[in-house]
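Comments concern the structure below.
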Amino acid sequence: MSDLTPVAFDIETSGLGDDAVLTVAGFALGLGCWLGLNTAGRAADAERLRDDLEEQVDETVQVSVHGDERELLDAVAEFATERLDDDRHYLTAYNGETWRGGFDLPFLRRACVRHDADWPFREIAYADTMTMFDRFDTDDTNDLPGVYDDLVGGDHCDPFADSGAAVTAFEAGDWIDLLAHNLADIRRTRALARLAERYVPQSDFGMKNLAPPSG
């Protein structure tokens with residue numbers, strides 16, 4: 001594991017019901033971030049969104065705009081194929097998938113099934129950031145912003161007090177705040193993963209390969 005570096009992953013959705021769709025998928029690597037946006041057929045200027053986001057953070061941001069959930073899933077798969085290297089990277093998310101469930105990867109699987117799309121993460125290791133922080137004293141704080149503020153601190157330009165506001169932003173077409181929230185989450189997740197690499201035993205990372213047994 002010492003030779004692998006984390007790629008943080010986070011999604012936003014239109015809600016939690018059976019009809020909810022993937023609205024944003026984001027990745028944070030060492031050299032910048034990639035954000036994929038599902039506009040549900042509405043207009044959005046990728047270059048303007050990129051420029052506005054890069055004014056908020058001292059980091060390279062790539063924005064990819066798509067008209068529906070299936071297009072976004074295809075873009076995630078393309079990113080994973082072209083940018084994730086199983087010899088160099090492991091994927092991580094905060095409560096993305098734990099032994100008790102998690103959110104991001106189960107939701108992504110459901111979206112793939114809905115569109116008969118291939119699973120995008122093949123032959124890549126995964127470790128959940130949230131489980132790493134069972135090994136830190138965080139005063140019973142276990143959400144991503146709280147753990148980050150407690151152990152790292154610093155402004156990550158999150159416009160929302162909680163992730164529920166991302167649903168309202170999607171409905172209103174407030175693309176900048178929606179993307180800025182996802183950007184804040186992937187940057188916080190990656191920072192926590194790098195911190196855990198300094199202090200948490202390798203065996204407690206609980207890495208697994210995300211490749212399905214068939215296909």
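Hey, how many Å between the Cα centroid of the stretch 140-193 and the Cα centroid of the stretch 1-55?
Computed from Cα coordinates, the inter-centre distance equals 12 Å.
Please give me, ordered by residue number, the GluC sites (Glu not before Pro) of the stretch 113-215 that lie in loop per DSSP and have at most 14 other Cβ atoms within 10 Å.
Working: sites: Glu123, Glu171, Glu197; in loops: Glu123.
For GluC sites (Glu not before Pro) across the stretch 113-215 that sit outside H, G, I, E and B with at most 14 neighbouring Cβ atoms in 10 Å, the list reads Glu123.
Give the residue from Ala191, Thr98, Ala165 lying farthest towards the positive end of the charge dipole for the chain; charges sit on Cβ (+1 for Lys and Arg, -1 for Asp and Glu) and the dipole is referred to the Cα centre.
Of Ala191, Thr98, Ala165, it is Thr98.
Looking at the chain only, what percent of DSSP beta bridges run antiparallel? Nearest 5 please. Present the calculation step by step, with values, prior to reporting the outcome.
On the way: 15 of 27 bridges.
In the chain, approximately 55 percent of DSSP beta bridges are antiparallel ones.
With springs only between Cα atoms under 10 Å apart, run a GNM on the chain and tell me which of Ala77, Ala161, Ala93 wobbles the most.
Checking each option, the largest mean-square fluctuation is seen for Ala161.
Divide by every residue of the chain the summed helix terms, -39500 (n - 2.57) for each DSSP H run of at least 4, and state the resulting mean residue ellipticity at 222 nm, rounded to the nearest 500 deg cm²/dmol.
On the way: 7 runs with 83 residues, N = 215.
Roughly -12000 deg cm²/dmol at 222 nm, from the helical runs in the chain.
Give the residue from Val57, Ile176, Ser203 lying farthest towards the positive end of the charge dipole for the stretch 5-209; charges sit on Cβ (+1 for Lys and Arg, -1 for Asp and Glu) and the dipole is referred to the Cα centre.
The Cα lying farthest towards the positive end belongs to Ser203.
Scan around Leu29 for amide H atoms under 5 Å from its own, H built in the peptide plane at 1.01 Å from N, and keep only partners 5 or more places away or cross-chain.
Under 5 Å from the amide H of Leu29 lie the amide H atoms of Trp34, each far enough along the sequence or on another chain.
Values quoted throughout were computed directly from the atomic coordinates according to the rules given, and no laboratory measurement underlies them. These figures come from a predicted structure and were not determined experimentally. Backbone-built Cβ (ideal geometry, glycine too); neighbour counts: all protein chains shown.
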